[in-house]
Structure formats: C-alpha cells, structure tokens
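The values are calculated or read from the model by the stated rules, or taken from the named source; none is laboratory data. Just so we're clear, the structure is a prediction, and the values are computed from it rather than from any experiment. Ideal geometry is used to build each Cβ from the backbone, glycine not excepted, and the neighbour counts take in all protein chains shown.
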Amino acid sequence: MALEPVRRIVIAGGGTAGWMTAAALSKLLGPACRIELVESEDIGTIGVGEATIPHINEFNQALGIDEDAFVRATQGTFKLGIEFVNWGAVGERFIHGFGRVGQPGDALPFHHFWLRMAALGKASKLEAYSMNTAAPRAGKFMRARPEMAGSPMQDLVHAFHFDAGLYARFLRSHAENMGVVRTEGKIEQVLQREPDGFIEALVMQNGARIEGDFFIDCSGMRGILIEQTLKSGYEDWSHWLPCDRAIAVPCESAGPLLPLTRSTAHAAGWQWRIPLQHRTGNGHVYSSGFMEQDQATGILMDNLDGAALAEPRHLRFQTGRRKRFWNRNCIAVGLSSGFLEPLESTSIHLIQTAISRIASFFPHGGFDPVDIAEYNRQTNVEYEFIRDFLILHYKVTRRDDSEFWRYCSNMAIPDSLQRKIDLFSSSGRIYREQDELFTEMSWLQVMIGQGVMPRAYHPFAQLRPEAEVHAYLNNVEQVIARCVHAMPTQADFIAAHCKAGTNPER
Ligand code: FAD
C-alpha cells in the first residue's frame with residue numbers, strides 16, 4: 001500500500017462547494033500538493049445558498065478572512081437567527097436564535113424555570129430571554145463583546161447572509177492567490193482505470209485530459225463523478241421531507257434591515273426571505289405532489305417586499321443523501337453529496353464539515369478502505385441529525401388547513417426524532433447527542449415556538465420559592481432588554497463597519 005500522501009487533487013465544479021474546498025485545501029496543504037479546479041461558465045452554478053449558520057466564522061478564521069472585507073465584498077448582512085412564521089399555526093411566529101436562552105450558572109437548564117412560570121401565566125415569550133432573539137426582534141445588531149464578562153453582550157452569536165455569486169468570486173480570488181489552478185471548460189468524460197475503477201482523469205470538451213490522484217466532486221446535483229461515473233447510490237428521504245421544488249427570485253429591499261432569515265410557511269411548503277445590502281433574496285420551497293408550479297409561483301410573487309429584480313427561476317431537488325459520500329478515490333462535497341432543504345441553512349455548513357473531515361482523513365495513495373468507511377459513517381450520522389431537526393418543523397404543527405400539512409402532521413417519523421419529541425413533551429428534557437449540530441437551545445426554541453408545551457418540568461424548578469423564580473426571570477428579561485436598547489440597528493452597524501462599495505482605507 002502506497003503511504004505517500006496524494007499530491008494531485010482535482011476539484012470538479014466551481015460553485016460554493018468547489019471554491020470553499022479549493023480555498024481551504026490550498027491553505028492547509030500549501031505548495032506540496034497541486035490543486036486544480038475545473039468549472040464551466042456555460043453550465044454555471046445553482047446561484048442560491050445565501051444564508052449561513054455561525055460555524056462559518058470558524059471557516060473564515062481558518063482562512064484568515066477579514067470579516068468586514070468579506071461582508072463588504074459579498075453585499076452581506078448579519079444573521080442572529082431564523083424567524084418562523086405560520087409554522088405551528090397560521091398567525092404564529094417565533095425566532096430560532098443561534099445563542100443561549102436564559103443565563104448560565106444554574107445547575108438546571110433555564111427553560112425549566114421558564115416552564116414553571118409560563119404555566120402560571122407569569123412568563124414572557126421565550127424569545128425575551130435570549131439576546132439572539134430579543135435583538136433581531138428590535139432590528140438591532142452588534143458583534144459579541146467577549147471582554148464584557150458577565151454581560152449578555154458576550155452571548156451574541158452571528159452568521160451571515162451573502163450574495164452566492166459574489167461569495168464564489170471572493171473565495172475564488174482567495175484560492176487563486178494560494179496557487180489553485182482554475183481550468184474553464186466542460187467535463188465530457190470521466191476515465192476510470194482498470195481493474196479497480198479508480199478515477200484516473202477528466203476529459204474536457206476540447207480534448208484536454210486532467211489527471212489526478214484524488215478527485216473531489218463538487219459538480220452539484222449532477223454528481224458527475226460520484227454518481228454518473230461511480231454509481232454510489234442515493235437514499236431518498238422525500239417521504240419525510242416532501243418538498244421537491246423551489247422557485248427563487250430577488251426583489252428590491254424594503255423595510256428595516258433585520259438580522260434574520262425569515263421562513264414563512266404556506267399551504268404546501270414555505271418561503272424564504274434573505275435580506276442583503278443591495279437586494280432581498282426570496283424563494284418558495286414547495287412540494288409538487290401537493291401544489292402546481294403556477295400556484296406556487298403566484299404565492300411567491302404575491303409575497304415579495306418590493307419589485308422583482310429578475311424572472312423567477314425554477315429548481316428541482318430530491319431530499320436525501322448519497323449512499324457513499326467517499327467512493328474509491330473520489331469524495332462528494334456540496335450538492336453532489338445530498339440535499340437537505342435550506343430551512344435551517346445547513347448546506348454550506350455541510351460543505352465546511354466535509355472539508356474538515358477530508359483534512360482529518362486525508363488519504364495516502366493507498367486509499368485505506370477503513371478510512372473510507374469511517375468517513376462515510378460520520379457523514380451519514382451528521383446528515384441524519386440534521387434531517388431529524390428539519391422533519392421536526394413539519395411534524396410538530398397544529399396546521400390542518402391543507403392536504404400538505406395534514407400529511408406532515410400524520411406522517412411516521414424516524415424513531416430517533418420520535419424519542420426526542422416524546423421526552424420533551426413529557427418532562428421538558430432535551431439532550432444533545434454526540435456531535436449533533438443543533439444544540440438543546442435549538443431544539444427548545446423550535447419545539448416551544450411550534451407549540452409543544454411539556455406536560456411537566458424538572459422537579460428542581462419546583463423546589464425554589466415562586467417569588468424567587470419569578471424575580472430571576474424578570475431580571476434576565478430586563479438585563480437583556482437594556483442591552484438590546486443600547487445596541488445599534490443593523491443598518492447603522494453596517495454603515496459604520498462594512499458597507500458594500502465603501503473603501504476602508506479612506
Ligand atoms: P453548484 O453551485 O451547482 O456548482 C456546481 C459546479 O459544477 C458549477 O461550477 C458547474 O459549472 C460545475 N459543473 C457541473 N457540471 C460540469 C461539467 N460537466 N463540466 C464542468 N463543470 C461542471 N445552502 C445554505 O447553506 N443556505 C441556504 O440558504 C441555501 N439555500 C438554498 C436554496 C435552494 C433552493 C437550493 C436548491 C439550495 C440551497 N442551499 C443553501 C444549498 C446551496 O445552494 C449549495 O449547498 C451550495 O450552493 C453549493 O452548491 P455546489 O457548489 O455543490 O453546486
């Protein structure tokens with residue numbers, strides 16, 4: 001078995017997945033490896049994928065990206081959470097914020113005290129007790145202040161919205177500066193060697209041959225290496241997540257610049273709203289089994305903040321995952337590896353974790369099957385955890401106003417998810433499993449936000465005098481309200497730090 005690390009890496013595709021992978025690997029590997037990225041301007045990228053979660057900060061830091069420069073270059077805005085409208089029932093709304101709910105320091109999770117007071121009608125909405133939900137409700141934003149010990153200002157956790165096309169361009173210039181070679185053109189054929197079927201080379205439309213030791217398939221849903229060539233298989237999850245279409249359209253900005261992605265549930269799916277500096281991104285994710293395209297388009301166009309800036313684009317997808325993410329000498333990253341709808345903005349995060357895992361399992365020329373099996377196992381577990389959290393939104397609803405919602409609320413769900421819902425419904429207990437992406441705070445906010453009120457709370461919460469618990473909650477709420485009051489609006493924050501088109505040198 002060859003123990004030399006692979007030296008020639010070929011990345012097929014230059015969307016968000018391709019350029020994130022190229023930028024990160026070039027930084028990690030330096031000049032010891034040759035990285036070539038192949039993309040076709042004629043085919044283009046999917047052009048959506050504009051909302052993120054906070055883990056992207058780690059990616060930016062690892063690459064040495066200056067945050068203000070990045071926001072400026074991508075017409076970016078900040079995001080403290082996702083607002084869900086009409087999910088539990090029509091007319092209801094809640095925010096799933098990224099940060100902590102309540103205060104640290106108590107042996108018991110804060111929400112048990114909140115449940116006790118809520119049952120007595122003496123608590124405000126849960127979102128009053130977290131900086132990441134109270135601030136966006138008021139349109140306020142600032143970055144966390146780690147130096148303010150003991151203040152909730154420490155607790156703010158942010159992610160970004162950005163223009164997907166500008167993000168790919170930003171990463172491309174970063175990667176090319178690090179020595180990544182870009183080849184423009186269409187891949188016509190993928191050559192496999194005998195007898196093991198490893199990929200040997202990509203053959204371009206102009207006849208050029210691009211050889212490599214290790215291939216990363218970032219070709220999008222086509223999966224031209226991982227599926228069309230290596231036939232890795234696909235596990236379909238659409239019985240749990242029945243949306244299979246999206247319509248995307250940008251529109252003019254209107255109203256205050258809220259640091260939130262908004263997800264509004266409709267009769268057979270939901271609509272995203274992503275505010276950027278220069279426009280608002282919108283899309284309607286829906287199930288073609290329950291709604292026709294014309295009706296879905298009409299709903300989207302009737303629910304824009306301002307004038308549409310382009311014709312609506314229609315996209316199709318199948319929710320699920322590749323059966324093997326790593327097959328022979330090829331790993332799928334991005335949409336070639338699977339699809340989970342953007343309800344919790346997790347796809348770009350999955351690209352990031354795939355890159356970390358590639359670094360962790362970086363192969364030698366022998367491509368050890370034990371490594372490959374473990375990589376696939378870990379990726380699968382990660383996908384399943386996220387899948388369950390997405391299904392939760394559909395399952396836990398009191399909506400019965402359409403066939404779609406009746407299907408969702410009655411559908412059988414994975415046992416892993418049913419266990420979590422049952423445990424929380426009975427006693428308010430939530431446990432994060434292994435390296436699951438979504439924390440107890442996320443599960444709590446979505447379950448409470450969609451109307452799951454536990455039948456009981458932890459007995460410890462009952463042991464304190466009621467007046468003491470009440471005062472505790474009031475104090476947390478008031479301190480947070482005072483902090484939010486002192487924060488700038490997001491528009492003012494961006495104007496001061498990272499307005500697109502401004503020159504920071506001046
Ligand atoms: P693509 O962008 O499709 O790129 C594929 C690349 O492969 C392109 O460069 C293309 O030219 C190249 N290529 C393909 N075939 C060939 C060929 N034969 N020869 C040469 N080159 C080729 N994710 C989030 O994290 N947040 C979101 O808010 C979000 N919203 C989404 C909304 C929708 C409706 C959809 C469908 C996805 C969303 N995603 C979101 C997912 C996100 O868009 C993707 O994860 C991300 O853009 C990565 O895409 P990609 O690079 O894998 O594929």
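Answer yes or no as to whether Met153 is within 30 Å of Ala135 (Cβ to Cβ) and aliphatic (A, V, I, L, M). Talk me through it step by step, then tell me what you get.
Numbers: within 30 Å of Ala135 (Cβ to Cβ): yes; aliphatic (A, V, I, L, M): yes.
So Met153 fits the description; yes.
Any idea how many residues of segment 281-324 are free of Cβ contacts under 8 Å to residues at least 40 places away in the same chain and within 13 Å of the ligand (Cβ to nearest atom)?
Going through segment 281-324, the residues free of Cβ contacts under 8 Å to residues at least 40 places away in the same chain turn out to be 282, 284, 292, 294-295, 298-299, 302-303.
This time we only want the ones that are within 13 Å of the ligand (Cβ to nearest atom), so: 282, 284.
The number of residues fulfilling the criteria is 2.
Mind checking whether some residue in segment 361-378 is in contact with a Gly (Cβ under 7 Å, 6 or more places away or on another chain), modelled with pLDDT of 95 or more, farther than 23 Å from Ala159 by Cα and not in a helix (DSSP H, G or I)?
Applying the first criterion (in contact with a Gly (Cβ under 7 Å, 6 or more places away or on another chain)) to segment 361-378 yields none.
No - not one qualifying residue is present in segment 361-378.
Could you please give the count of residues in segment 289-334 that are under 23 Å from the mean Cα position of the chain (by Cα) and part of a helix (DSSP H, G or I)?
Residues meeting the conditions: 2.
Tell me, please, whether a residue that is surrounded by fewer than 21 Cβ atoms within 10 Å (Cβ to Cβ) and within 21 Å of the chain's Cα centre (by Cα) can be found in segment 441-461.
no
Condition first: under 20 Å from Glu127 (Cβ atoms), more than 15 Å from the ligand (Cβ to nearest atom), within 20 Å of the chain's Cα centre (by Cα) and assigned to a loop (DSSP other than H, G, I, E, B). Now tell me which residues in segment 46-96 satisfy that.
Correct list: Leu80, Trp87.
Anything in segment 230-276 that is surrounded by fewer than 22 Cβ atoms within 10 Å (Cβ to Cβ), of a type in the set (S, T, N, Q) and not in a strand (DSSP E or B)? List them, or say none.
Ser238, Ser253
Name the residues in segment 50-101 that are charged (D, E, K, R) and under 30 Å from Gln478 (Cα atoms), would you?
Taking segment 50-101 and keeping what is charged (D, E, K, R), we get 50, 58, 66-68, 72, 79, 83, 92-93, 100.
Result: Lys79, Glu83, Glu92, Arg93, Arg100.
Determine if segment 29-47 includes at least one residue that is within 28 Å of Ile224 (Cα to Cα) and touching a Cys at 6+ places or on another chain (Cβ under 7 Å). Walk me through how you get there before you give the answer.
Of the residues in segment 29-47, the ones within 28 Å of Ile224 (Cα to Cα) are 29-47.
With touching a Cys at 6+ places or on another chain (Cβ under 7 Å) added as a condition, the list becomes none.
No, there is no match, as no residue in segment 29-47 is within 28 Å of Ile224 (Cα to Cα) and touching a Cys at 6+ places or on another chain (Cβ under 7 Å).
Just one of (1) of a type in the set (D, E, K, R); (2) over 21 Å from His470 (Cα atoms); (3) over 21 Å from the mean Cα position of the chain (by Cα); (4) away from the ligand (no atom under 16 Å from the Cβ) trips up Asp42, so point out which.
Unmet for Asp42, out of (1) of a type in the set (D, E, K, R); (2) over 21 Å from His470 (Cα atoms); (3) over 21 Å from the mean Cα position of the chain (by Cα); (4) away from the ligand (no atom under 16 Å from the Cβ): (4).
Would you mention how many residues in segment 175-196 are within 18 Å of Ser219 (Cβ to Cβ) and either outside any helix (DSSP H, G or I) or polar (S, T, N, Q) (or both)?
We begin by selecting, within segment 175-196, every residue within 18 Å of Ser219 (Cβ to Cβ); these are 175, 180-192.
Imposing the further condition that a residue be either outside any helix (DSSP H, G or I) or polar (S, T, N, Q) (or both) reduces the set to 180-192.
The qualifying residues number 13.
Would you point out the residue of segment 211-228, among those that are within 12 Å of Glu39 (Cα to Cα) and outside any loop (DSSP other than H, G, I, E, B), that is farthest from the ligand (Cβ to nearest atom)?
Asp217
If you check Ile413 against the conditions, is it over 28 Å from Asp106 (Cβ atoms) and among the β-branched types (Val, Ile, Thr)?
yes
Taking the condition touching a Ser or Thr at 6+ places or on another chain (Cβ under 9 Å) and not small (Gly, Ala, Ser), does Arg169 pass? Step through it out loud before you land on a result.
Values: touching a Ser or Thr at 6+ places or on another chain (Cβ under 9 Å): yes; not small (Gly, Ala, Ser): yes.
In short, yes.
Which condition number in (1) outside any strand (DSSP E or B); (2) within 15 Å of the ligand (Cβ to nearest atom) is the one that Phe160 fails?
(1)
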